[in-house]
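Asker: Before anything else, here's the structure in question.
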Amino acid sequence: MIIRILLFLGILSLSSCFDQPPIDAEGDIIGLRPIYYQGNVKEITSNPPLPFDNLGKIVVQGNFLYINEQNVGIHIIDNTDPLTPISLAFISIPGCIVYTVNGNIIYANNAEDLVAIQVDNDFMIVEIERTEDFYNEFDFASQLYPENFNGVFECVDQTQGTVIGWVETILDQPKCWR
């Protein structure tokens, strides 16, 4: 009986393998598209508030909210009155996904680097420390496919810039998969 169950599970697992991406009749399928950054990926800037788009982690520090715009940077929000939060600034940190805040210092990934950024009361910033290649498993130079992902995705075009992340979207006849 156990042998039959193992045999059935083995056959079932093989049926999920495919040589071609599973594309429907119209050619559209949900997959991942690379997010490219075309400027200096290490340039960090303080900017006026930006609209929210692809939000991630939220950190509360006193009356402030720090909200990650995935792969783009961090929104700073005054939450003194939670019924009327006020967007104060946006810190552009290309490739930023993980971060934390301690006092007026933001520790964040800037692509593969770890940076410490001091933010003053006027939301001007100073990069006080950078550890290059801290996230060495996050190697953007050779990232040709999304890590830890099995499915279809848009092939990377390295002439478009540096891949700083991936976003789920509808793809038209994708040619890459794994």
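Asker: List every residue whose amide H lies under 5 Å from the amide H of Cys96, counting only residues 5 or more places away in sequence or on a different chain, with H placed 1.01 Å from N in the peptide plane.
Answerer: The answer is Asn71, Val72, Gly73, Ala111.
Asker: Order of Cys96, Cys155, Cys176 from fewest to most other C-beta atoms within 10 Å? Before the final figure, lay out each step's value.
Answerer: On the way: Cys96 26, Cys155 11, Cys176 18.
Listed from fewest to most nearby Cβ atoms, that is Cys155, Cys176, Cys96.
Asker: While we're looking at this one, here's another question. Please work out the Cα center distance from the stretch 57-78 to the stretch 147-178, rounded to the nearest Å.
Answerer: Cα centroid to Cα centroid, the span is 27 Å.
Asker: Ordered by packing density, taken as the mean number of other Cβ atoms within 10 Å over each peptide's residues, highest first, how do 59-66, 164-171 rank?
Answerer: So the order, starting with the most tightly packed, is 164-171, 59-66.
Asker: Which of Val115, Ile97, Pro85 sits closest to the plus end of the dipole of the stretch 42-131, meaning its Cα is farthest towards the positive end, when Lys and Arg get +1 and Asp and Glu get -1 on the C-beta?
Answerer: Ile97
Asker: Shifting gears a bit: When only alpha-carbon atoms are used, what values of Rg and Dmax, in angstrom, describe the stretch 79-123?
Answerer: According to the Cα coordinates of the stretch 79-123, Rg and Dmax are 12.2, 37 Å.
Asker: With N denoting the number of residues in the stretch 76-177, provide Rg(C-alpha) divided by 2.2 N^0.38 Å, to two decimal places.
Answerer: Normalised by 2.2 N^0.38 Å, the Cα Rg of the stretch 76-177 equals 1.36.
Asker: If you don't mind, another one. List, in order, the whole-Hz ³J(HN,Hα) value for each residue of the stretch 162-178 obtained from phi through the Karplus relation with A = 6.51, B = -1.76, C = 1.60 and θ = phi - 60°; use x for Gly and Pro.
Answerer: Karplus values, whole Hz, x for Gly and Pro: 7, 6, 10, x, 9, 10, 6, 7, 8, 9, 9, 6, x, 10, 10, 7, 7.
Asker: Expressed as cubic angstrom per residue, what is the convex hull volume of the alpha carbon set of the stretch 42-131?
Answerer: In the stretch 42-131, the Cα hull volume divided by residue count equals 84 Å³.
Asker: When Lys and Arg each count +1 and Asp and Glu each count -1, what net charge do the other residues less than 15 Å away from Glu168, Cβ to Cβ, add up to? Kindly include the intermediate steps, with their values, before the conclusion.
Answerer: Details: positive: Arg33; negative: Asp28, Asp53, Glu147, Glu154, Asp172.
Surrounding charge for Glu168 is -4.
Asker: A further question follows. How would you rank Lys175, Lys42, going from fewest to most other Cβ atoms within 10 Å of each one's own Cβ?
Answerer: Lys175, Lys42
Asker: Report, by chain and number, residues whose modeled amide H sits under 5 Å from the one on Ala89, excluding near sequence neighbours (fewer than 5 apart, same chain).
Answerer: Under 5 Å from the amide H of Ala89 lie the amide H atoms of Ile76, each far enough along the sequence or on another chain.
Rule-based calculations on the coordinates, nothing more; no lab input. Small disclaimer: the values here were computed from a predicted structure and weren't measured. Every residue, glycine among them, receives a Cβ derived from its backbone with ideal geometry; neighbour counts consider all protein chains shown.
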